[in-house]
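A short reminder: the numbers here are calculations on the coordinates, not readings from a lab. Predicted model, so just to flag it, every value in this text is computed and none were measured. Cβ sites come from the backbone with ideal geometry, for glycine too, and all protein chains shown count toward neighbours.
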């Protein structure tokens with residue numbers, strides 16, 4: 001059986017059209033760290049959209065530190081970062097291309113340099129012609145073309161960031177932490193933790209090149225450490241989660257100019273929390289009503305309501321049951337379930353989403369996977 005289309009929620013959710021039947025199950029891919037804990041690469045399992053139950057995880061494809069994954073729009077290919085620094089003859093990481101077979105298993109097609117050390121984030125553009133990656137260790141981003149057979153070509157663009165910010169332990173140099181495209185496939189946004197900026201590039205979809213926008217970036221509070229980025233389904237707003245000061249910064253988005261204008265920044269932590277914590281992922285619910293952010297240390301998912309007119313956030317609570325170091329999580333395109341990967345807990349848990357409040361309700365359903373990092377859905 002061929003898988004149809006990728007259903008991935010990374011802020012901007014791709015809901016199936018009215019003509020598409022709602023799938024009864026989703027294939028779930030889990031990216032991991034293989035450096036310790038016993039993981040061998042990328043795992044697959046199924047989520048039952050009626051019951052919220054997960055099947056037993058199966059190794060889909062071996063790979064070294066495939067911490068983040070991206071699916072091609074046609075559902076035939078999967079791309080994974082190799083979070084390493086020794087690929088080829090220079091200090092770079094790797095991006096791997098896999099073909100997805102009828103069972104969901106992965107066959108390695110080829111690998112290419114990420115053009116920087118320690119790649120940590122990867123996405124595919126809306127047309128399925130290019131892969132984008134962010135290199136944390138190298139402080140850079142790159143674009144790689146996708147051939148007709150799903151293989152990756154050598155980079156058509158590689159941009160090295162420069163500069164630093166105020167935190168001497170974490171911001172002495174650039175650290176590109178994520179890269180995302182706007183809904184129109186015209187602009188790319190790179191959250192750079194080391195610079196306290198979301199850099200904006202014009203994307204040439206024919207040549208696969210990146211050109212600095214005017215202005216070239218939106219800044220956040222010094223020492224905030226922007227990490228991941230998500231668009232609202234309307235395209236009117238965007239949000240960046242800041243790792244170092246545990247906040248989410250909301251922006252109004254001008255789609256014609258590719259510019260971000262700050263609305264506000266709000267904390268992801270409860271007022272009485274006194275410990276050390278760092279944020280990781282940010283996700284907007286497919287309905288556009290709610291936003292979620294993960295806290296590593298407080299070990300929770302922060303829940304916010306989004307004002308549809310202003311884009312402002314109102315904190316409504318936290319869910320932390322069974323969660324330990326929530327690196328990444330994802331909401332399925334129906335908006336019913338949230339799957340949370342607990343990196344240090346070694347589990348992937350299922351939470352049911354209350355459609356009226358956005359609250360995450362534990363289902364008690366979880367599976368064990370060593371060092372899980374990334375969650376991606378594919379509709380069958």
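Structure summary
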| quantity | calculated |
| --- | --- |
| Region 57-164 - Rg over Rh from alpha carbon coordinates, Kirkwood radius | 0.97 |
| Reduced Cα scattering model of region 161-204, Debye log10 I(q)/I(0), q = 0.13, 0.22 Å⁻¹ | -0.30, -0.67 |
| Interatomic Cα distance distribution for region 255-304, bins of 5 angstrom, percent | 5, 16, 22, 20, 18, 10, 5, 3, 1 |
| Volume per residue that the Cα convex hull of region 208-303 spans, once the total is divided by residue count, Å³ | 118 |
| Full-stretch length increase - residue 261, residue 48 - with 0.36 nm per residue and alpha-carbon distance subtracted | 72.7 nm |
| Normalised contact order of region 9-379, rounded percent, pairs of Cα under 8 Å and 6 or more residues apart | 14 |
| Net length gained if the chain between residue 219 and residue 310 were fully extended (0.36 nm per residue, minus Cα distance) | 30.8 nm |
| Cα Rg, Dmax (largest Cα-Cα span) when computed across region 219-271, Å | 11.2, 38 |
| Of 229, 251, 273, the one that fluctuates the most in a GNM where the chain has Cα springs shorter than 10 Å | 273 |
| Alpha carbon centroid spacing (whole Å) that separates region 75-111 from region 300-338 | 30 |
| Difference of contour (0.36 nm per residue) and Cα-Cα distance, residue 149 to residue 324 | 59.1 nm |
| Mean Cβ neighbour count within 10 Å, used as a protection proxy, ranking 28-41, 293-306 highest first | 293-306, 28-41 |
| Inter-part distance where region 224-254 and region 156-170 are each reduced to a Cα centre, Å | 19 |
| Against the rule of thumb 2.2 N^0.38 Å, how large the Cα Rg of region 230-380 comes out | 1.01 |
| q = 0.09, 0.10, 0.15 Å⁻¹: log10 I(q)/I(0) that the Debye formula gives for region 9-379, counting C-alpha atoms only | -0.44, -0.55, -1.41 |
| Cα convex hull of region 317-376 - mean projected area over all directions, nm² | 3.8 |
| Cβ-based exposure ranking for 227, 380, in which fewest neighbours within 10 Å come first | 380, 227 |
